[in-house]
Amino acid sequence: MNHDTPLSVPPRRIVLLALTVLGLASALFVLRRPLMMSAPRCLAGRWHGCLDTFNGVVLLALAALPLSALVVWALARRRRAAGAGAAWRRSLAEVGLAHGTVPFLWLTLMPGAGAGTVPGRVSLVPLRDLVAMGPLGIAGNLLVFAALGAFAPMRFAAVASVPRILALGAGCSVLVETAQYVLRLDRVSSVDDVLVNATGALLAALATRRWWRTGAAVAPSDRPRPAAPARTA
């Protein structure tokens, strides 16, 4: 046995999956008690107390993780069978983008107690609302478009740059804040929400920068073959 043989490095997708599982396990440990408070109503299929609460939405998003993992596997397997390049990265990015963004959009557009009767409120002074957010509020706003920032550049080369990700996160946040105001959801449309949302998208994008898509994926069957050597007479 040759003891000087270097150990093989695990594939990048395995490292990314391990980090994701570790992060989810840590989050579950911290939030296990609040999440279990909504479990009975969610399991009973009740709207009130499940889909209209933070704990209920987060619990359902976590419960749907095995289904999302199955979808990633199915998409990647289908693409590999078709000879498409970067099958695992593209599949993970697409499913992760949807799974990590839709629950937070649901939470940000959830109506308050005075929805429909209270007029829309706007706060345009930067950094004024950060104190009122508190640590949990800031953390939640950082996560709203974190999946967008992490997975969008992995899937689309057109947004795979720091300025574009920052603009994408800010633009999506502006749309959400505008919807909150127009729909009169009894929420404050704050410029600080836009700043924190865009920052969260940027930080998540930097965490996945090594997996960004920098060009069109080329299928193995579409790769140019080396020219055959010329035959001499």
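The values are calculated or read from the model by the stated rules, or taken from the named source; none is laboratory data. Worth saying up front: this structure is predicted, and the values here are computed from it rather than measured. Don't worry about glycine lacking a Cβ; one is built from the backbone with ideal geometry, like all the others, and counts go over all protein chains shown.
Looking at residue 41, is it crowded, with 18+ Cβ neighbours inside 10 Å and either touching a Lys or Arg at 6+ places or on another chain (Cβ under 6 Å) or among the basic types (Lys, Arg) (or both)?
Yes: the conditions hold for residue 41.
Kindly indicate whether any position in the stretch 196-205 is among the polar types (S, T, N, Q), in contact (Cβ under 8 Å) with a residue 60 or more places away in the chain and either assigned to a helix (DSSP H, G or I) or touching a strand residue (DSSP E or B) at 6+ places or on another chain (Cβ under 9 Å) (or both).
no
Under 7 Å between Cβ atoms, which residue pairs at least 6 apart in sequence (or on different chains) link something in the stretch 174-191 that is on the phi > 0 side of the Ramachandran plot and without any contact (Cβ under 8 Å) to a residue 60 or more places away in the chain with a partner that is part of a loop (DSSP other than H, G, I, E, B) and not polar (S, T, N, Q)?
Every condition considered, no pair remains.
With respect to the numbered conditions (1) exposed (fewer than 14 other Cβ atoms within 10 Å of the Cβ); (2) touching a strand residue (DSSP E or B) at 6+ places or on another chain (Cβ under 7 Å), which one is the sole condition not fulfilled by residue 129?
Residue 129 satisfies all of (1) exposed (fewer than 14 other Cβ atoms within 10 Å of the Cβ); (2) touching a strand residue (DSSP E or B) at 6+ places or on another chain (Cβ under 7 Å) except (1).
Do any residues in the stretch 101-121 that are within 17 Å of residue 200 (Cα to Cα) have Cβ atoms under 9 Å from those of residues that are among the β-branched types (Val, Ile, Thr) and at pLDDT below 95, where the two are at least six apart or on different chains, and which pairs are they?
Short answer, once both residue conditions are applied: 103/57; 103/58; 104/57; 107/57; 107/58.
Conditions first: (1) free of Cβ contacts under 8 Å to residues at least 12 places away in the same chain; (2) assigned to a loop (DSSP other than H, G, I, E, B). Residue 125 passes all but one, so which condition is the exception?
Result: residue 125 fails condition (1) only.
Find all pairs meeting these conditions: Cβ atoms under 8 angstrom apart; at least six residues apart or on different chains; first residue within the stretch 136-149 and closer than 16 Å to residue 176 by Cα; second residue assigned to a helix (DSSP H, G or I) and among the charged types (D, E, K, R).
Close Cβ pairs (under 8 Å, with a partner that is assigned to a helix (DSSP H, G or I) and among the charged types (D, E, K, R)) amount to 141/193.
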